[in-house]
Amino acid sequence: MHHTILTIGREYGSGGHKVARMLSGLLNIPYYDKELIEKAAKNSALDPKDLECVDEHPVSPFLYMDAKEAAHIARYGQTLGDTLYQLQSRIIRQMAEKESCIIVGRCGNYVLRNRPYCLHVFLYAPLQVRIQRVMERAKISEDEARILVRKTDRMRRSYYNYYTDLRWGGRDQFDLLMDSSVLGIEGTAEMLKAAYQQLVKIPESEMMNRFSEEPFTK
């Protein structure tokens, strides 16, 4: 019995976390978002608070380096962000071997690029829709929400591009690109549920024929 994985890349404020949570309930499979930080901490001697500070945040080892980051580089020869990426990537692959699940962010589509029975999705939405959603969620002003949306998108784009050498949100790296504002959170989750269920039904022989070439390479 194969496990089927759905990965979700997302613009900030597009509702990726909410869609994943709703889809988890619809499909009765677990989803992993911030939980990947906790799992990474448990698989290392690192403080989850330190890991959270660098999650999806690629930073040059020579910028904003504090004593703790410097000590980590001296001990492990790499940044804390690099360590977290490697830990999370290993955990994502382990989870894919263990169970059907939903992976949010963390270059999940790239990490599982060589694996069949994966549905790779990227969610986006118009800027103003995302700003409004962040305003309501974080209880902040429109200007503050606009700054936060753009800043977070820049960090996620930089993170993805840095670790994959590919373009964040590029259509050749995802099976589905969806504007979550068209159908809303519930409608988007329902559509992804239908797509996921169709993927599960594909016979293994047919899937392996489709998967004779990598969908994208580095």
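Read-outs: derived from the displayed coordinates by stated rules, not from any lab. Please read these numbers as outputs of a predicted model, since none were measured by experiment. All Cβ positions, glycine included, derive from the backbone under ideal geometry; neighbour counts span all protein chains shown.
Straight-distance candidates among the aspartates and glutamates for linking to residue 151, with alpha-carbon spacing under 16 Å and chain neighbours fewer than 8 residues away dropped: 11, 55, 56, 142, 143.
Using the average count of surrounding beta-carbon atoms within 10 Å as a protection proxy, the listed peptides 135-146, 198-209 rank, highest first, as 135-146, 198-209. The phi torsions of segment 13-28, fed into the Karplus equation with coefficients 6.51, -1.76 and 1.60 and a -60° offset, translate into couplings of x, 7, x, x, 5, 5, 4, 4, 5, 5, 5, 4, x, 5, 9, 6 Hz, rounded to whole numbers, with Gly and Pro shown as x.
Under Stokes-Einstein, with the Kirkwood radius over Cα pairs as Rh, the value for segment 5-208 at 37 °C and 0.692 mPa s is 184 µm²/s.
Sequentially through segment 132-149, phi angles give Karplus couplings (6.51, -1.76, 1.60; θ = phi - 60°) of 4, 5, 5, 4, 5, 6, 9, 6, 10, 6, 4, 5, 5, 5, 4, 5, 5, 4 Hz, Gly and Pro residues having no value and appearing as x. For the chain, what does the relative contact order come out to in percent, with C-alpha contacts under 8 Å and a separation of six or more? Here the relative contact order equals 34 percent.
How high is the FRET efficiency between residue 154 and residue 208 when r is their beta carbon distance and R₀ equals 41 Å, given to the nearest 0.05?
0.60
Net charge dipole, segment 5-208: roughly 20 debye, given to the nearest 20, about the Cα centre with Cβ charges of +1 for Lys and Arg and -1 for Asp and Glu.
Over the residues of the chain, the helix contribution to mean residue ellipticity at 222 nm works out to -18000 deg cm²/dmol, using -39500 (n - 2.57) for each DSSP H run of at least 4. In order along segment 153-162, phi translates into HN-Hα couplings of 4, 4, 5, 5, 5, 5, 4, 5, 4, 5 Hz, rounded to whole numbers, per the Karplus curve 6.51 cos²θ - 1.76 cosθ + 1.60 with θ = phi - 60° and x for Gly and Pro. Spacing of the modelled spin labels on residue 200 and residue 38, each 7 Å from Cα toward Cβ, amounts to 2.5 nm. Length gained on full extension, residue 140 to residue 52, computed as 0.36 nm times the residue gap minus the Cα-Cα distance: 29.5 nm.
Order these peptides, 164-176, 92-104, by their mean beta-carbon neighbour count within 10 angstrom, highest first.
92-104, 164-176
Cross-link partners for residue 193 among the lysines, with Cα-Cα distance under 19 Å and sequence neighbours closer than 8 places in the same chain left out: 18, 201. Under a 5 Å amide H cut-off, with hydrogens placed 1.01 Å from N, residue 120 pairs with 7, 175, 176 among residues at least 5 apart or on other chains.
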